[in-house]
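None of the figures in this text is laboratory data; all of them are computed from the coordinates on show. Quick caveat: nothing in here was measured; it's all calculated off a predicted structure. All Cβ positions, glycine included, derive from the backbone under ideal geometry; neighbour counts span all protein chains shown.
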């Protein structure tokens with residue numbers, strides 16, 4: 001197991017390296033002068049000054065030299081300064097990353113638990129009205145475009161009913177650190193979390209359903225029933241344990257979708273997370289920030305895949321990893 | 001010996017497929033929605049005498065009426081006509097991307113799976129890298145690089161979506177590679193390309209057709225999202241996405257204008273997903289694929 005883990009972690013390195021090189025190249029090709037935002041509104045800028053700045057920031061170097069310099073700094077956890085905000089990149093990204101983590105984790109925990117419950121219910125009552133009903137609902141949720149669902153939620157719950165705030169993360173009039181502030185923050189989370197949850201239910205719901213249906217056909221469940229266990233124990237203690245194993249992997253595999261979805265939802269709701277940060281930095285040519293955000297997202301995704309593999313082996317003793 | 005056509009002939013197989021597809025009520029619903037949408041966007045604009053950009057300053061932000069079924073926007077342009085034209089753009093993107101991505105990805109997957117070796121390794125590492133970054137994040141970066149416009153959005157969507165088909169085709173080919181029919185073809189002296197195109201491709205078609213349907217839906221979802229965020233199709237060319245950008249600025253006054261284009265996106269995605277699902281069931285009930 002340890003050898004397997006070490007090998008998997010070593011495999012992460014080239015993947016991250018190639019990903020970073022690819023993204024760097026793409027952002028390098030992005031149209032627009034990176035000095036533009038910095039020099040906008042500087043009245044007495046001379047051509048010599050502009051050239052001096054280009055040399056100073058190494059913008060005339062070939063792309064591989066620029067990438068190498070970036071990589072070297074990144075390895076020392078020093079991704080540089082945002083051109084837009086003039087702050088160290090980590091000072092901008094870390095709070096945003098924390099906000100995104102709260103949003104996605106809330107969506108994953110709520111969404112996936114609901115999905116697992118619906119899947120179990122559908123499997124136990126296969127072909128019943130509720131089985132079809134939940135399947136249809138999950139299908140509808142999957143087919144709703146997230147940004148539009150977000151807009152509709154704003155119309156219904158924020159504009160018409162006025163129950164929830166339209167966007168952002170905090171209201172200007174609450175004092176930070178009080179219970180009211182926490183309640184206010186939760187209120188801001190409800191709509192984004194709901195939108196993220198709704199579009200992500202289907203995968204896990206259907207997987208849970210088919211996985212449990214498969215297990216329910218196994219002989220050992222007949223044995224469990226034959227020795228007189230009631231249905232609750234048969235399903236809860238014997239069937240679910242095995243049925244949940246593949247579902248864990250699916251939850252991890254769909255993580256990139258949740259993170260990607262949160263980028264859209266954050267942008268629509270003006271929620272200050274990394275997704276919105278990425279959007280703003282791409283729109284504003286803030287390459288340093290965009291690069292770091294993409295890398296952090298890629299790193300998170302790879303980490304989740306690794307976690308899924310480890311969990312899978314841990315949950316299912318039939319699987320043995322070869323080092 | 002059986003008389004007439006054996007079930008192994010291509011016609012027999014496609015016929016059996018069609019029969020299984022027909023039994024699927026959901027498949028009918030998907031197909032119906034899709035054809036209805038196609039007819040609507042083709043003929044819909046001609047139901048009214050308005051041009052796409054015909055401004056009518058006396059009829060700004062009107063609600064639905066007999067003159068304007070879906071009302072008008074802030075410049076008095078007819079929303080019905082604009083949604084139908086936007087649908088042409090969005091559906092074009094979906095169909096072009098779905099078909100091209102599967103053609104390219106299918107070929108790449110078959111070649112990688114059959115030839116193996118270094119080529120396979122390189123191609124699959126590229127696929128891994130593309131899978132490492134969430135789709136929409138990668139598309140945000142790509143769309144800025146490629147610039148706005150119908151052509152560039154189609155190209156960047158293909159650049160990302162081909163990976164699904166490549167993985168599926170490669171997986172299918174790996175399972176066929178050691179089977180007798182491939183060996184037989186090789187023994188009869190078939191060239192590498194003949195084995196791939198005449199024997200492996202037809203046998204891998206089932207998962208690829210499903211992938212094309214689901215990819216087309218994914219492409220429309222991505223296009224409308226990017227266009228909504230201002231990175232895809234740009235006005236004055238209408239798309240369901242940028243119609244929503246425009247409408248969302250008046251969300252407090254005219255929520256109906258936000259509701260309508262979204263419903264069209266929803267029904268389109270729904271029909272593609274239903275169709276893909278039904279095709280998957282009809283072709284191979286065991287075939288399951290997780291969408292990323």
Per DSSP helix of 4 or more residues, -39500 (n - 2.57); summed, then divided by the residues of chain B. What does that give at 222 nm, rounded to the nearest 500? -23500 deg cm²/dmol
Looking only at A:199, A:171, A:82, which one moves most when chain A is put into a Gaussian network model with springs between Cα atoms under 10 Å? A:171
Where does helix B:10-22 land angle-wise versus the long Cα axis of chain B, in degrees 0 to 90, nearest 10? 40 degrees
Inter-centroid distance (Cα atoms) of region A:144-181 relative to region A:84-130, Å: 18 Å
Of all the Cα-Cα pairs you can form in region B:202-292, what percent are over 16 Å apart? 60 percent
Please state, as a whole number in µm²/s, the translational diffusion coefficient that the Stokes-Einstein equation yields for region A:1-51 at 10 °C and 1.306 mPa s, with Rh defined as the Kirkwood radius across alpha carbon pairs. 108 µm²/s
Using only the alpha-carbon atoms, how far is helix B:150-176 inclined from the longest principal axis of chain B? Give it as 0 to 90 degrees, nearest 10. 30 degrees
How large is the Rg to Rh ratio of the protein assembly as shown when both quantities use alpha carbon positions and Rh follows Kirkwood? 0.98
Relative to the longest principal Cα axis of chain A, at what angle does helix A:89-124 sit, 0 to 90 degrees, rounded to 10? 20 degrees
One quarter of the C-alpha convex hull surface, i.e. the mean projected area of region A:95-152 in nm², amounts to 4.8 nm²
For region B:97-157, taking Cα atoms only, what is the radius of gyration to one decimal and the Dmax to the nearest whole Å? 13.4, 38
Taking max minus min of the Cα coordinates of region B:109-258 on each principal axis, largest first, gives extents in Å of 72, 27, 22
Would you kindly calculate the mean projected area, averaged across all directions, of the convex hull enclosing the Cα atoms of region B:59-173, in square nanometres? 9.3 nm²
Rank-order B:77-88, A:242-253, A:39-50, A:213-224 by packing density, defined as the average count of other C-beta atoms within 10 Å over each peptide's residues, highest first. B:77-88, A:242-253, A:213-224, A:39-50
Equivalent ellipsoid semi-axes for chain A, as square roots of 5 times the alpha carbon gyration tensor eigenvalues: give them largest first, rounded to whole Å. 45, 27, 15
If you project the alpha carbons of chain B onto the principal axes, what extent comes out on each, in Å, largest first? 77, 48, 26
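Residue A:218 to residue A:48: extension gain in nm, 0.36 nm per residue of separation minus the Cα-Cα distance?
My answer for the length gained is 53.4 nm.
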Under a Gaussian network model of chain A whose springs join Cα atoms within less than 10 Å, the largest fluctuation of A:170, A:182, A:197 belongs to A:182
Report, to two decimal places, the Cα Rg of region A:25-100 normalised by 2.2 N^0.38 Å (N = number of residues). 1.26
Using alpha carbon coordinates only, what is the Rg to Rh ratio of region A:129-182, with Rh defined as the Kirkwood radius? 1.19
Inter-centroid distance (Cα atoms) of region B:33-101 relative to region B:142-175, Å: 28 Å
Give me the mean projected area, in nm² to one decimal, of the convex hull enclosing the Cα positions of region A:67-203. 12.9 nm²
Label-point separation in nm, residue B:18 to residue B:250, each point 7 Å along Cα→Cβ: 4.8 nm
Förster radius 30 Å - calculated FRET efficiency between residue A:171 and residue A:117 (Cβ-Cβ, nearest 0.05): 0.35
Chain A: relative contact order from alpha carbon pairs under 8 Å, six or more residues apart, as a whole percent, is 27 percent
Taking the inverse of the average 1/r across all pairs of different Cα atoms in region A:253-323, what Kirkwood radius in Å do you get? 13.8 Å
Among A:269, A:134, A:157: highest mean-square fluctuation, GNM of chain A, C-alpha pairs under 10 Å: A:157
Quick calc of log₁₀ I(q)/I(0), region A:1-143, Debye, one scatterer on every Cα, no solvent, q values 0.09, 0.10, 0.14 1/Å, result -0.58, -0.67, -0.93
Percent breakdown of C-alpha pair distances by 5 Å bin, ordered from the shortest bin, for region A:236-286: 5, 19, 16, 14, 11, 9, 8, 8, 6, 2, 1, 0
Subtracting the Cα-Cα distance from 0.36 nm times the residue separation, let me have the gained length for residue A:39 to residue A:315 in nm, one decimal. 93.7 nm
